[in-house]
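S.K.: One structure coming up, written as structure tokens, with questions to follow.
The values are calculated or read from the model by the stated rules, or taken from the named source; none is laboratory data. Here the structure is a predicted model, which means the values were calculated and not measured. Note: ideal-geometry Cβ built from the backbone for every residue, glycine included; neighbour counts use all protein chains shown. For the accessible areas, the whole protein counts, side chains as well, though only heavy atoms, and no ligand, DNA or RNA atoms are used. Shrake-Rupley method; radii C 1.70, N 1.55, O 1.52, S 1.80 Å.
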Amino acid sequence: MGRQKWGILGSFFYGVILAAATVCAQEEVEKSGNLRLSPLIWYVHVTGNEAKFREDWWIQDEWAGGVEEFSYKNTDGNGFSFFAEGRAIVPEQDYRLSLRMDKRNMGFVQAGYTEFRKYYSGTGGFYRPFEIEPFELANDLRLDIGDIFFEAGTAFSGWPAVTARYEHLCKEGAKSLSEWGAVTKGGVTRLIFPAFKEIDEETDIFKLEGDHTTGKFHLNNQFSYETYKTDTKRFEEEKNLDVPSSETVTVSENFTHDALRNVFYVENYLNDKVYWSLGYLYSKLDGDEGFNMVTVPFGPEPFDKNWFSRTIDVEEKAHVLNFNGMVGPFRNVTFYGGFQAERTRIDGDTDAVLEETVAGAGPVYPDAIILSKAEKDSLQETSGIRFTGLPFTTLYGEAQWTQRRIDLSERETEDGVPSFERFTDTDISRQRYTLGLNTSPLPRTTLSARLRHTCRDNDYNHLLDTEPGYSAFITDQAFKMDDVSAKLNYRPFSMIQLSLMYRILAIDIDTSFDTTPPSSARTGEYDADIYSASMTFAPISRFYLTASFSYTDAKTTSLLNDVPSILTYHGDVFSAQGTAGLGVDEETNLTFQYLYNRSNNFEDNSLYGLPLGIDNEGYGFLAALSRNLTKKTRIRIRYGYYNDNEPSIGGVDDYRAHLISAEAAFRF
């Protein structure tokens, strides 16, 4: 939404809170209340890449301040309560306000307002042989994200509880993209020029929920209606440093939809050993989209496409039914299971003009009609067992099966002449099996372990294909994943607690192709070992220390790793953090936090393509001193230092930052 409209909503909400607070303050009945207020001011100084610092820590450099936190509570002897809390930091656009009023045996009213800012760096890729610094976008990339809601509900004894809610979400600004434009120098082209997208998005959601328990039956119905609107504009640029020249592509898109959903479920405990539930979901979505792509200057390829749409319509309907049940325990054994059936239909209709150039003929303006239809039917079954017959031990197992069929038809005509047609039937089979245990074999020791095997097979049957190629030449894909993890918690003494975790993850992808003769290959593998540990140490009442670390050793291979430009990925990522606190005396506390992260997987493949992976080392620490001046007044000062180095991209994203802040907390 526009900033003006958002400001009106925010101002209105502030007014509601002030009015409610005034009413509460004027209550003459016996009551108890308290107010807490914490004003804050900070200063951040950054040397190096300021945009990268903002992206990493979600704060900008220079001065900022406001109210770190405030809260107010009020209760009286007649069952009425009021609570408000929030924060406001400028110029960070970091706002949060919430208000709730309750009346015992009647209901509640609450409202909330949140706004925050997310930053992005506009640095492009780095290619050392060009002997130029990475390109950086000059514009300030950031998104302002907001949420405002109003909700009211009833709580009359013996009557159904009814809740109504309205919520408005918005997102506005610009963000960087991971898909970059081409840069050419010395006849060599690399995709390293940064791109960005402007976003203006808003959503309105209306919800109505009814909840009631009668006898042994619990019934619930949730209805929601949603309107959504987004306008985006994507900017991409390609440069030729030999000429020099540049060409731009601007893609504008807008999309709106209306969606309604209704979920009903009922659950029942027949007795203390038999439980069942039944649910049904109906959803419908109607959407319209606009598309416009402009290239400047027009031509040659790939800048020879100026496309725009007259209409793009989409309609989706879905029905989902599920049933679940549980029986037990019988002789320390509990069984559970269920199924879920889904039927979804999606229809799309596009009318577009595709201005292109044809060799020897110049520009042409075909009118393209694109029709698509997808029908999805799926069934999912779940079965599980839990056994608690062993001392201090729980064993469990679960199996899940999914069968899904998707019929997809796509058809395109240009000026009434068929140009593309494809009908594809997809059969998907998925199985997931889990075994696990939780045990405490020794005092102060707990151990948990889990083994999970997942396999999925996608079978593609192309009944008609007038334009064979990617991805229609794929006839089958099989995914297999094994996930094994174990966690140990040990507390040898009351003052110390240790936790260790180890996880193995292995994924294999096998693909079959429609070649002559038919062929198949192991097209992808991913293997990872993940280690983590944490410790808490509190030898005396005024001192504590917590520390944790994690390390991931991963490897990804593909079918094309014999191609020089495609390398095997070796992940080597380590992170650690620690916190310590010391009570100097009854009124003074010191705290210290430390963060460290490192990745070491850079491979300079400039001879055949772009460098892959990244070498990075970053760390930061924050020290704070707080002291109680009085029983109701407390002050805190903080100093933080942050350092980030990425030599694999020429140091363009390096920065060092200092943060100094002062805060006071008052209680009334």
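Okay, residues lined up against (1) part of a strand (DSSP E or B); (2) modelled with pLDDT under 95; (3) at negative phi; (4) loosely packed, with under 15 Cβ neighbours inside 10 Å:
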{"position": "ALA374", "(1), (2), (3), (4)": "yes, no, yes, no"}
{"position": "GLN380", "(1), (2), (3), (4)": "yes, no, yes, no"}
{"position": "ARG386", "(1), (2), (3), (4)": "yes, no, yes, no"}
{"position": "PRO391", "(1), (2), (3), (4)": "no, yes, yes, yes"}
{"position": "TYR396", "(1), (2), (3), (4)": "yes, no, yes, no"}
{"position": "GLN400", "(1), (2), (3), (4)": "yes, no, yes, no"}
{"position": "GLU412", "(1), (2), (3), (4)": "yes, yes, yes, no"}
{"position": "PRO418", "(1), (2), (3), (4)": "yes, yes, yes, yes"}
{"position": "ARG422", "(1), (2), (3), (4)": "yes, yes, yes, no"}
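S.K.: While we're looking at this one, here's another question. Within the bounds of the stretch 559-573, is there any residue that is aliphatic (A, V, I, L, M), in contact with a Lys or Arg (Cβ under 9 Å, 6 or more places away or on another chain) and open to solvent by 50 Å² or more (accessible area, probe 1.4 Å)?
M.R.: yes
S.K.: Got a number for residues in the stretch 109-149 being over 17 Å from THR203 (Cα atoms) and aromatic (Phe, Trp, Tyr)?
M.R.: Within the stretch 109-149, residues that are over 17 Å from THR203 (Cα atoms) and aromatic (Phe, Trp, Tyr) number 6.
S.K.: So if I check each of LEU208, LEU241, LEU169, which one is out of contact with any helix residue (DSSP H, G or I) (no Cβ under 6 Å at 6 or more places or on another chain), surrounded by fewer than 15 Cβ atoms within 10 Å (Cβ to Cβ), of a type in the set (A, V, I, L, M, F, W, C) and modelled with pLDDT of 95 or more?
M.R.: LEU208
S.K.: Let me ask another. Within the stretch 121-130, does at least one residue satisfy the condition of being in a strand (DSSP E or B) and buried (at least 17 other Cβ atoms within 10 Å of the Cβ)?
M.R.: There is at least one residue in the stretch 121-130 that is in a strand (DSSP E or B) and buried (at least 17 other Cβ atoms within 10 Å of the Cβ).
S.K.: Sticking with this structure for a sec: Within the stretch 338-356, track down each residue that is crowded, with 17+ Cβ neighbours inside 10 Å and farther than 26 Å from SER372 by Cα.
M.R.: The answer is GLY338, GLN340.
S.K.: Looking at (1) closer than 18 Å to VAL183 by Cα; (2) open to solvent by less than 50 Å² (accessible area, probe 1.4 Å), can you tell me which one SER277 breaks?
M.R.: Failing condition for SER277: (1).
S.K.: I'd like to check something: does the stretch 273-287 contain any residue that is hydrophobic (A, V, I, L, M, F, W, C), at pLDDT 95 or above, farther than 30 Å from GLU398 by Cβ and in contact with an Asp or Glu (Cβ under 6 Å, 6 or more places away or on another chain)?
M.R.: For the stretch 273-287, residues hydrophobic (A, V, I, L, M, F, W, C), at pLDDT 95 or above, farther than 30 Å from GLU398 by Cβ and in contact with an Asp or Glu (Cβ under 6 Å, 6 or more places away or on another chain): present.
S.K.: I've got another one for you. Output the number of residues of the stretch 141-159 satisfying the condition of being modelled with pLDDT under 90 and touching a helix residue (DSSP H, G or I) at 6+ places or on another chain (Cβ under 8 Å).
M.R.: Count: 0.
S.K.: Does any residue of the stretch 98-116 turn out to be open to solvent by 40 Å² or more (accessible area, probe 1.4 Å), in a strand (DSSP E or B), farther than 30 Å from ALA182 by Cβ and free of Cβ contacts under 8 Å to residues at least 24 places away in the same chain?
M.R.: yes
S.K.: Also, quick follow-up: Could you tell me how many of the residues in the stretch 582-634 are touching a Lys or Arg at 6+ places or on another chain (Cβ under 7 Å) and among the β-branched types (Val, Ile, Thr)?
M.R.: Selection size over the stretch 582-634: 1.
S.K.: Moving on to the next point. Name the residue that is modelled with the lowest pLDDT, counting only residues in the stretch 467-494 that are within 20 Å of PRO517 (Cα to Cα) and open to solvent by 70 Å² or more (accessible area, probe 1.4 Å).
M.R.: Checking each candidate, the answer is TYR470.
S.K.: Oh, and also: So, in the stretch 623-650, exactly how many residues are surrounded by 14 or more Cβ atoms within 10 Å (Cβ to Cβ) and within 30 Å of PRO134 (Cβ to Cβ)?
M.R.: Final tally of qualifying residues: 9.
S.K.: Against the condition in contact with an Asp or Glu (Cβ under 8 Å, 6 or more places away or on another chain) and either among the hydrophobic types (A, V, I, L, M, F, W, C) or within 24 Å of PHE223 (Cβ to Cβ) (or both), how does PHE135 come out, does it pass?
M.R.: Criteria not met by PHE135.
S.K.: Looking only at the stretch 68-94, filter to residues that are part of a loop (DSSP other than H, G, I, E, B) and within 23 Å of TRP57 (Cα to Cα); which one of those is least open to solvent (accessible area, probe 1.4 Å)?
M.R.: Checking each candidate, the answer is GLU92.
S.K.: I'd like the full set of residues that are free of Cβ contacts under 8 Å to residues at least 40 places away in the same chain and open to solvent by less than 70 Å² (accessible area, probe 1.4 Å), limited to the stretch 599-617.
M.R.: Passing the criteria: SER599, ASN601, GLU603, ILE614, ASP615, ASN616.
S.K.: While we're looking at this one, here's another question. If a residue must be under 26 Å from the mean Cα position of the chain (by Cα) and of a type in the set (Ser, Thr, Tyr), how many such residues does the stretch 435-464 contain?
M.R.: 1
S.K.: With the structure loaded, tell me whether THR232 is surrounded by 14 or more Cβ atoms within 10 Å (Cβ to Cβ) and either on the phi > 0 side of the Ramachandran plot or modelled with pLDDT of 95 or more (or both) or whether it fails that test.
M.R.: yes
S.K.: Which one is farthest from the chain's Cα centre (by Cα), of the residues in the stretch 184-216 that are hydrophobic (A, V, I, L, M, F, W, C) and within 12 Å of PHE130 (Cβ to Cβ)?
M.R.: VAL188
S.K.: Identify all residues within the stretch 43-67 that are acidic (Asp, Glu), closer than 23 Å to GLY651 by Cβ and open to solvent by 30 Å² or more (accessible area, probe 1.4 Å); write none if there are none.
M.R.: GLU50, GLU55, ASP56
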